[in-house]
Amino acid sequence: MPHTFPPDSVGLVIPQTARFEQSLALDCGRSLANYEMVYETYGTLNADCSNAVLICHALSGDHHVAGYHDEDDPGKPGWWDNCIGPGKPIDTREFFVVCCNNLGGCKGSTGPTAINPENRKPYGPDFPIVTVKDWVRSQARLADQLGIRQWAAIIGGSLGGMQAMQWAITFPDRVRHSLVIAAAPRLSTQNIAFNEVARQAILSDPDFHHGHYYEFGVVPRRGLMLARMLGHITYLSDEGMRAKFGRELREGKMNFNFNFDTEFQVESYLRHQGHAFVDRFDANTYLLITKTLDYFDPAADFDQDLSVAFHRTQARFLVIAFTSDWRFAPARSREIVRALVRAGREVSYAEIPSEYGHDAFLMPIPLYHEVLRSYLARAAREVNARAA
Amino acid sequence: MLVRPELELISEWIRPGARVLDLGCGDGALLAYLREHRQVSGYGLEIDNANMLQCIQIGVNVIHADLEAGLADFGDSSFDYVIMTQTLQAVRQTEALLDEMLRVGRQGIVTFPNFGFWRCRVQIALQGLMPVVKTLPYEWYNTPNIHLFTLHDFEQLCRLKHIDILQRMVLDHAHRPRPGPKLWPNLLGEIALYRLGRA
């Protein structure tokens with residue numbers, strides 16, 4: 001018997017594929033002759049195509065942001081299901097929600113695991129390193145194909161927030177609201193350092209084979225797992241980890257083993273996260289996206305002045321940060337706000353108290369969701385006023 | 001909580017199309033009013049979650065921040081007016097905040113309850129109790145107002161700090177500009193509005 005989905009779920013969703021035959025020039029100087037992008041949509045596009053919302057995913061996310069893929073075995077819903085659906089903060093009764101897997105990804109859009117037309121082998125490490133600007137340009141082509149001239153809102157957390165910001169800069173007249181959540185105007189030295197350790201973990205795995213591991217029928221499991229474990233530490237906060245795991249030993253354990261077995265709860269959590277990630281993610285994509293993060297710096301195109309970058313934007317901004325996020329701390333979000341204020345742009349800023357660290361942007365924190373709900377309810381009223 | 005007469009009076013002092021920063025903007029009523037009647041653009045600073053949400057609901061730009069932490073995020077003379085309504089008496093760094101206000105804004109507008117109002121004087125002089133009046137409705141143990149001062153106190157501070165008083169209005173508790181407060185402001189005035197500048 002098919003499963004019944006919760007009433008506030010978008011229910012069963014089927015990913016779609018858009019194919020692009022026109023070459024896409026990339027920031028690195030290379031180009032993609034043709035490519036595919038996998039995406040999902042929820043809700044209905046209205047007659048004047050003015051109610052579309054783009055969700056941008058972060059490092060390990062993909063196009064499956066809400067709903068379920070399998071009716072008989074629903075498993076876990078999309079990665080931001082708690083926020084998207086009928087009656088949820090991103091209300092699919094009001095908005096037509098789009099989310100795509102970004103280029104360079106490993107969930108169906110053209111990336112390192114795709115076949116390179118030049119040599120009929122997977123691209124692997126030869127896939128060009130794409131930037132946030134490249135992503136935004138590719139997403140704009142997807143919007144063209146869907147008939148969306150202007151997004152009612154573009155929303156993203158972390159690296160997704162950087163895309164929301166870049167959209168407003170690159171295509172000022174195509175975004176009405178840019179929601180930048182738990183992001184930063186560019187990576188700090190410390191952020192880049194963490195990314196480098198993650199990359200080295202993968203690069204130094206004997207199964208990496210200079211990125212051509214597909215040909216050897218192996219994956220650099222240990223390296224990718226280590227990278228993910230390290231990442232996870234930076235996504236949580238000290239107090240959040242203490243609250244969740246403390247110094248508890250694994251279930252049933254009373255004493256130390258005095259060896260290197262998994263003894264503490266936090267160790268088994270990290271190992272579990274690492275193992276689970278290896279089965280669903282590609283190491284070359286991980287390497288590529290950490291570079292995408294490192295390279296993001298919209299101010300660089302404007303004499304290192306972020307407020308100049310924002311001068312041309314027309315969107316209204318909502319910037320949200322979380323108190324215990326130390327990967328992209330509230331101070332980094334306030335840099336964005338400061339630049340927007342200096343540029344005279346419309347911006348609101350909310351700083352949400354939370355213990356969840358960087359991961360908070362995925363959590364259904366009541367104040368956070370209430371801020372999103374209130375802000376987007378207004379954006380929906382604008383859509384309806386335009387249509388009327 | 002701002003009432004309509006106060007919004008109207010402040011609004012009269014604001015040049016149309018100005019850039020405004022409202023410190024402790026509450027539910028955003030003043031900015032919404034000024035946006036509608038004076039076409040201003042600007043932002044409110046607010047620490048309270050419920051107020052911040054209210055601002056977002058009515059589409060007022062709100063920056064969720066503690067104004068006690070200062071205005072370092074804002075550049076010199078980046079606003080035409082920095083406004084602080086019924087807030088000056090409730091902050092810890094009163095003097096520093098006044099300085100910041102006139103650094104960030106070309107002009108400052110403040111409103112506050114007058115502790116020199118005759119009822120206050122009578123209560124403290126004859127009953128020996130901390131005053132409770134309409135504009136200062138709290139008991140000493142639950143009041144958010146930690147700096148109580150009179151019109152004279154404030155004007156003395158302005159002289160000391162070389163702050164120019166460009167305009168002053170003294171009102172009764174219902175925000176009416178009655179003849180009494182006009183004649184003896186520090187004795188009969190209950191609420192004071194000041195427009196400030198610094199050469």
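Table for the structure above
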{"item": "Pair list, Cβ under 6 Å, 6 or more apart: segment B:167-180 residue at pLDDT 90 or above, other residue in a strand (DSSP E or B)", "result": "B:GLN167/B:ARG195; B:ARG168/B:TYR194; B:MET169/B:LEU193; B:VAL170/B:ALA192; B:LEU171/B:ILE191"}
{"item": "Residue satisfying condition, being within 11 Å of A:ILE181 (Cα to Cα) and either more than 10 Å from every other protein chain (Cβ to nearest Cβ) or assigned to a helix (DSSP H, G or I) (or both), within set A:PHE328, A:PHE317", "result": "A:PHE328"}
{"item": "A:PRO206 being at pLDDT 95 or above, surrounded by fewer than 20 Cβ atoms within 10 Å (Cβ to Cβ) and outside any helix (DSSP H, G or I)", "result": "yes"}
{"item": "Residue list for segment A:70-102, filter: of a type in the set (Lys, Arg) and modelled with pLDDT under 95", "result": "A:LYS76"}
{"item": "Strands (runs of 3 or more DSSP E) contained in segment A:95-185 and holding at least 2 residues without any contact (Cβ under 8 Å) to a residue 60 or more places away in the chain and closer than 28 Å to A:CYS49 by Cβ", "result": "A:96-100"}
{"item": "Every residue from segment A:342-374 that is in a helix (DSSP H, G or I), at the interface with chain B (Cβ under 7 Å from one of its Cβ atoms) and buried (at least 23 other Cβ atoms within 10 Å of the Cβ)", "result": "A:VAL371"}
{"item": "Count of segment A:309-348 residues which are under 18 Å from B:ALA69 (Cβ atoms), in contact (Cβ under 8 Å) with a residue 60 or more places away in the chain and over 20 Å from the mean Cα position of the chain (by Cα)", "result": "1"}
{"item": "Spans of strands (runs of 3 or more DSSP E) in segment B:34-127 with at least 3 residues within 14 Å of chain A (Cβ to nearest Cβ) and more than 26 Å from B:LEU166 (Cβ to Cβ)", "result": "B:62-64"}
{"item": "Among (1) more than 29 Å from A:HIS311 (Cβ to Cβ); (2) aliphatic (A, V, I, L, M); (3) modelled with pLDDT of 95 or more, the one test that A:ALA140 misses", "result": "(1)"}
{"item": "Scan of segment A:6-25 for residues that are part of a loop (DSSP other than H, G, I, E, B) and surrounded by 17 or more Cβ atoms within 10 Å (Cβ to Cβ), ordered by number", "result": "A:SER9, A:VAL10, A:GLY11, A:VAL13, A:PRO15"}
{"item": "Given (1) without any contact (Cβ under 8 Å) to a residue 60 or more places away in the chain; (2) crowded, with 21+ Cβ neighbours inside 10 Å, number of the condition A:HIS69 does not satisfy", "result": "(2)"}
{"item": "Candidates B:LEU30, B:LEU21, filtered to the one that is within 12 Å of chain A (Cβ to nearest Cβ), crowded, with 22+ Cβ neighbours inside 10 Å and at pLDDT 95 or above", "result": "B:LEU21"}
{"item": "A:TYR286, sole failed condition from (1) out of contact with any strand residue (DSSP E or B) (no Cβ under 9 Å at 6 or more places or on another chain); (2) buried (at least 24 other Cβ atoms within 10 Å of the Cβ); (3) of a type outside the set (A, V, I, L, M); (4) within 14 Å of chain B (Cβ to nearest Cβ)", "result": "(4)"}
{"item": "Residues of segment A:281-308 satisfying the condition of being hydrophobic (A, V, I, L, M, F, W, C), within 30 Å of A:PRO112 (Cβ to Cβ) and over 17 Å from the mean Cα position of the chain (by Cα)", "result": "A:ALA299, A:ALA300"}
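The values are calculated or read from the model by the stated rules, or taken from the named source; none is laboratory data. This one's a predicted model, so the numbers in the text were calculated from it and none came from an experiment. Don't worry about glycine lacking a Cβ; one is built from the backbone with ideal geometry, like all the others, and counts go over all protein chains shown.
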